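Take a look at the structure below.
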Amino acid sequence: MSHPSSLHSVALFFRQLILTPREIGAFAPSSKRLGDAMAHWLEGGEHGAVLELGPGTGVITHSLMQAGLASERLIGIEQSREMTSLLRSRFPRSQFIEGDALRVTDTLRRHYKQIPRFSRVFSGLPLLNFPPRVRAELFRQLRDLLEPGGKVIQFSYRLNRGHDYESFQQCGHKFVWLNFPPARVSVYESSPKKGPHQRPDTGRVSRLR
Ligand SMILES: C[S@@+](CC[C@H](N)C(=O)[O-])C[C@H]1O[C@@H](n2cnc3c(N)ncnc32)[C@H](O)[C@@H]1O
């Protein structure tokens, strides 16, 4: 597994930044410190299926693997074709879909007969570049894709408390000052669903169709 800060990855990141600035939404790839701060919240969810939204060149992906995530448990959704192909060659045992993470349910449905329930969703999406209704809709979808008690881990360059989403509560955060720019990692936990208890999935990830 080569390191995501290789020259090729960095060059690809900046090329994509010029082509799609709104989607990239960052001046530089995340630092390893930020990747590790995100991966800290893998704990307790490492035996489930894990979803990564906007993995880019794989900084957070790499930290997740180092934190003990078995690569077969990871599914990533990335809009950039070139980044997706880089991720596939870098992490061949994980599954990366080239697609729209904002329409996560449809994107997964197109690729899996049975969509797994996820214990963790790690997101590097530049959410603040999207309107509030788009962000709310993303979290509505994530609510249904998570195991009970599952968590969404999102970073942002806005350092204040950030947004609240229906059916989620913020259960943790961390500032990463030594990142450019400094970032805040926010952790959202899905509130228990009312109604009949649903059995969580085993976290097994079937192969892409
Ligand atoms: C701020 S970069 C983060 C990249 C990487 N996770 C990191 O931390 O360095 C945002 C990433 O989200 C991807 N992205 C933006 N909008 C997306 C969408 N709707 N669907 C899938 N990926 C998207 C971009 O292509 C880019 O790779």
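Values in this text are rule-based calculations from the coordinates and carry no lab data. Here the structure is a predicted model, which is why all the values come from computation and not from measurement. FYI the Cβ positions are ideal-geometry reconstructions off the backbone, even for glycines, and counts take in every protein chain you see.
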For the pair Tyr157 and His40, how long in nm is the line joining their label points, each one 7 Å along Cα→Cβ?
2.2
Which value in deg cm²/dmol, rounded to the nearest 500, describes the helix-derived mean residue ellipticity at 222 nm for the chain, given -39,500 (n - 2.57) per DSSP H run of n ≥ 4 and division by the residue count?
-9000 deg cm²/dmol
Let me know the Kirkwood hydrodynamic radius for segment 30-190, please, with Cα pairs as the basis and the value in Å to one decimal.
15.5
About the Cα centre of the chain, how large is the charge dipole given +1 on each Lys and Arg Cβ and -1 on each Asp and Glu Cβ? Please answer in debye to the nearest 20.
260
Under a 5 Å amide H to amide H cut-off, with H placed in plane at 1.01 Å, what residues pair with Ser31 once short-range neighbours are removed?
Phe180
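If each residue's Cβ is checked for other Cβ atoms within 10 Å, how do Glu52, Glu43 rank with the fewest at the top?
Sorted ascending by nearby Cβ count, the order is Glu43, Glu52.
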Calculated on alpha-carbon atoms, Rg and Dmax of segment 68-124 in Å
11.1, 29
